[in-house]
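Report on the structure given below.
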Number of protein chains: 2
Amino acid sequence: MNYTLLANQYRDNLLNDVIPFWLKNSADPENGGFLTCLDREGKVFDTDKFVWLQFREIWCFSMLYNKVEQKQEWLDFAVQGAEFMKKHGSDAEGNFYFSMTRQGEPLIQPYNIFSDCFAAMAFAQLFKATGNQEYGDLAVRTFNNILSKRDNPKGKWLKSYPGTRELQGFSLPMILCNLVLELGDLLDNDLTESTIDHGLNQVMEVFYQKDLGIILENVRLDGSFSDTFDGRLVNPGHGLESMWFVMDIAERRSDPGLIRRAVDITINILEYGWDKEFGGILYFMDVKGKPPQQLEWDQKLWWVHMETLISLLKGYYHTHDQRCWDWFEKVHKYTWEHFPDPEHGEWFGYLNRRGEVLLPLKGGKWKGCFHVPRGLYQCWKTLERIAEKNQEPRTKNQE
Amino acid sequence: MNYTLLANQYRDNLLNDVIPFWLKNSADPENGGFLTCLDREGKVFDTDKFVWLQFREIWCFSMLYNKVEQKQEWLDFAVQGAEFMKKHGSDAEGNFYFSMTRQGEPLIQPYNIFSDCFAAMAFAQLFKATGNQEYGDLAVRTFNNILSKRDNPKGKWLKSYPGTRELQGFSLPMILCNLVLELGDLLDNDLTESTIDHGLNQVMEVFYQKDLGIILENVRLDGSFSDTFDGRLVNPGHGLESMWFVMDIAERRSDPGLIRRAVDITINILEYGWDKEFGGILYFMDVKGKPPQQLEWDQKLWWVHMETLISLLKGYYHTHDQRCWDWFEKVHKYTWEHFPDPEHGEWFGYLNRRGEVLLPLKGGKWKGCFHVPRGLYQCWKTLERIAEKNQEPRTKNQE
């Protein structure tokens, strides 16, 4: 296996295909911000601005500037997006809307706390890139706002009746594990460590089910199983994504035991979520094998596969566990055969169970400039680290 | 074509398969109400009670009692459901919740006005069956509550920001066209006629697009087109269903011109929504051919096909338009080859684009004892009327 050649494949797709695609097609110089609803060829098919995707694109170009190359074009692209969002993105209390018109008028109220999560992530990366304290302050203020809303993230838009069935969701603790690392030095070290402690405990002890080897999307407040549609729900991609967040934390804490646990969970979820009939990873499953509520349960989504590749490579880098490499080869093959569009560039996002393109878009309400470039970057860099490690004598490093 | 044989097929499926399936499997004698989450064999796989489906089952058994046979078992089944809902189903202001636990504790707040629509429909049929004035009063009170909430049906759970983009939806005016006929004598005749006038105008002049020959799901408050995800959305099944509501109104008003318009629209929508590649009617489309937001857009749903069969048969009965019969044969063939489960009875609800079973359930969060039995009843009776008409000399009736 030539790890360097593979690393180059991920790097080249990132730098020569995906990033140019978004630079070329998603700019909105007249209004600022990004147009993310792009058809197969990259043409804009809708002009609404979804806040998750605005911030994710700001994050992406700032991250590339910080980590790959200090290209002015990338920084300018990120800054104009951030200025648009600073001006239009939030209500007076600093809660970020869910969507806006092309001009920046609010469309959907700030009912969704992940808008704030991606805002904090984006402003933090941009602070690193620019040194502009205003972005740093916005990142910290938004992060604190997330913590204050943590116990009731939907606020007055919560539709469940108080007290009857209170469940906690996996998404927020999972994202917080990644977000604290993203914010880095902007946060007081005690807050970072306590947030990590809490997040790790939630992911590894509360939502991870030891008996089943998988992660549930929703559990009761006391951590117990809820035999309901929400309680039975498994989103394999979510669990798989969270495992590389955990590995990053474990690396920071030099905790090889935690990495080994994350690798075992990665392999378990993947064996569970892999579609034995048509290949690829299923989108939603019911842990008791009952019919899931989600009609899209059997579809194959780009982000699920991309996030899985990251976890497998990080797991392999840290542990040299052969299961990681074998699964990486299998998921890599499926992913590259099905998602990238050889004709018009970038990746398809939504395939049906058979792996045929279900929606030909490159960007929409949920798919933007985020999972593909972040995943390509992470896989590229992790493959480089694996290549480096493998040129050294095995006895020294892996045994 | 032997219309009587076809009528028998619909009747037999209703009385010997579908109704026994729900009587046998959906009872919850301990708590009252119905268990609607039933797997392929009819076994309960979830016990939550979804308010739409509770009222739709009450309506169904009351309707059969009123129109098919005064079976005490059917009436008892409806009454116990209604008593459960009377006790547990609404808040103090008479707004019906969206869902409840098996025991009747509220789970999801009354954010959804269609819970109230199905409540009014159910209480009205049950009033007809029992003469119990309490049910009649509940039907009227709920109907008035719907009218008072009509301009802001989601109330405080509305997530769109006020003033930026105000759209009106097709579902409510469409259902009101059916609901007023269901309530019949319970309403003052002036209110019935003015509600019909308003609903007909909304359906035929505002949401129906003359230039395209189809119906949009959402338009601006002034009726104009909104080039947005919501504005471009087409739900062919909704449009097709609404056309038999319009034909029923046209029959009541002895308006053959309106029937002919409804037939033309039925045929147009069906030609538009029919999947030329795999057969069946698509679930969602984008009127400009852009990628729809709904990942389930290409699936084939039971209710879409059932409602279409009703509109085609009513159209054929009233106009003898050959297009109605030709399409009926095509949709009938697709429907009976794909949806009924020959092994365990009742109908599958959700097929993938290829017509393969996507979810093996017979009932869930959205599918209950409603579209299949209502459709079987309507088709049975309309085929009987067609059979009667055809035994008379053609010269007298059709020329």
Quiz item: Among A:224, A:242, which is among the small types (Gly, Ala, Ser), away from every other protein chain (no Cβ under 12 Å) and surrounded by fewer than 22 Cβ atoms within 10 Å (Cβ to Cβ)?
Solution: A:224
Self-check item: Any chance residue B:83 is away from chain A (no Cβ under 14 Å), over 30 Å from residue B:205 (Cβ atoms) and in a loop (DSSP other than H, G, I, E, B)
Solution: no
Exercise. Scan the stretch A:214-228 and give yes if some residue there is part of a helix (DSSP H, G or I) and not aromatic (Phe, Trp, Tyr), otherwise no.
Key: no
Quiz item: So residue B:16 clears everything in (1) surrounded by 15 or more Cβ atoms within 10 Å (Cβ to Cβ); (2) closer than 30 Å to residue B:326 by Cα except one condition, right? Which one?
Solution: (1)
Self-check item: Subset of the stretch A:294-330 that is of a type in the set (A, V, I, L, M) and out of contact with any strand residue (DSSP E or B) (no Cβ under 9 Å at 6 or more places or on another chain) - its residue that is farthest from the other protein chains (Cβ to nearest Cβ)
Solution: A:313
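Mind checking whether some residue in the stretch A:181-193 is more than 25 Å from residue A:119 (Cα to Cα), surrounded by 14 or more Cβ atoms within 10 Å (Cβ to Cβ) and among the hydroxyl-bearing types (Ser, Thr, Tyr)?
There is no residue in the stretch A:181-193 that is more than 25 Å from residue A:119 (Cα to Cα), surrounded by 14 or more Cβ atoms within 10 Å (Cβ to Cβ) and among the hydroxyl-bearing types (Ser, Thr, Tyr).
At least 2 residues that are in contact (Cβ under 8 Å) with a residue 24 or more places away in the chain, touching a Leu at 6+ places or on another chain (Cβ under 6 Å) and surrounded by 21 or more Cβ atoms within 10 Å (Cβ to Cβ) in each: list the helices (runs of 4 or more DSSP H) lying fully within the stretch B:285-399 that qualify.
Per the criteria, B:302-319, B:322-338, B:371-391.
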Quiz item: Is it the case that residue B:340 is out of contact with any strand residue (DSSP E or B) (no Cβ under 8 Å at 6 or more places or on another chain) and modelled with pLDDT of 95 or more?
Solution: no
Quiz item: Of all helices (runs of 4 or more DSSP H) completely enclosed by the stretch A:113-213, which ones contain at least 1 residues that are among the β-branched types (Val, Ile, Thr), under 16 Å from the mean Cα position of the chain (by Cα) and at pLDDT 95 or above?
Solution: A:113-130, A:171-183
Quiz item: How many residues are within 13 Å of residue B:253 (Cβ to Cβ), touching a residue at least 24 places away in the same chain (Cβ under 8 Å) and acidic (Asp, Glu) if we restrict to the stretch B:181-208?
Solution: 0
Exercise. Confirm whether residue B:108 is free of Cβ contacts under 8 Å to residues at least 40 places away in the same chain, of a type outside the set (D, E, K, R) and either more than 14 Å from every other protein chain (Cβ to nearest Cβ) or in contact with a Lys or Arg (Cβ under 9 Å, 6 or more places away or on another chain) (or both).
Key: yes
Exercise. Output the residues belonging to the stretch A:91-105 that are in a loop (DSSP other than H, G, I, E, B), within 14 Å of chain B (Cβ to nearest Cβ) and not hydroxyl-bearing (Ser, Thr, Tyr).
Key: A:91, A:92, A:95, A:98, A:102, A:103, A:104, A:105
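What do you reckon, is residue B:132 in contact with a Gly (Cβ under 6 Å, 6 or more places away or on another chain), closer than 20 Å to residue B:85 by Cβ and free of Cβ contacts under 8 Å to residues at least 60 places away in the same chain?
no
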Exercise. Identify the residue in the stretch A:146-188 that is in contact with a strand residue (DSSP E or B) (Cβ under 8 Å, 6 or more places away or on another chain) and closer than 16 Å to residue A:201 by Cα and, among all such residues, is farthest from the other protein chains (Cβ to nearest Cβ).
Key: A:170
Quiz prompt | Test: residue B:146 is out of contact with any Asp or Glu (no Cβ under 7 Å at 6 or more places or on another chain) and among the β-branched types (Val, Ile, Thr) | solution = no
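Quick grid of which residues meet (1) at positive phi; (2) surrounded by fewer than 21 Cβ atoms within 10 Å (Cβ to Cβ); (3) away from chain A (no Cβ under 14 Å):
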| position | (1), (2), (3) |
| --- | --- |
| B:25 | no, no, yes |
| B:38 | no, no, no |
| B:48 | no, yes, no |
| B:51 | no, no, no |
| B:70 | no, yes, yes |
| B:89 | no, no, no |
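Table: residues versus (1) over 18 Å from residue A:375 (Cα atoms); (2) of a type in the set (Lys, Arg); (3) in contact (Cβ under 8 Å) with a residue 24 or more places away in the chain.
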site	(1), (2), (3)
A:234	yes, no, yes
A:251	yes, no, yes
A:255	yes, no, no
A:271	yes, no, no
A:280	no, no, yes
Practice problem: Of the numbered conditions (1) over 23 Å from residue B:348 (Cβ atoms); (2) within 14 Å of another protein chain (Cβ to nearest Cβ); (3) polar (S, T, N, Q), residue B:62 fails exactly one; give the number of that condition. | Solution: (2)
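The values are calculated or read from the model by the stated rules, or taken from the named source; none is laboratory data. All figures in this text were calculated on a predicted structure; none of them were measured in a lab. Because the Cβ atoms are built from the backbone with ideal geometry, glycine has one as well, and the counts that use them run over all protein chains shown.
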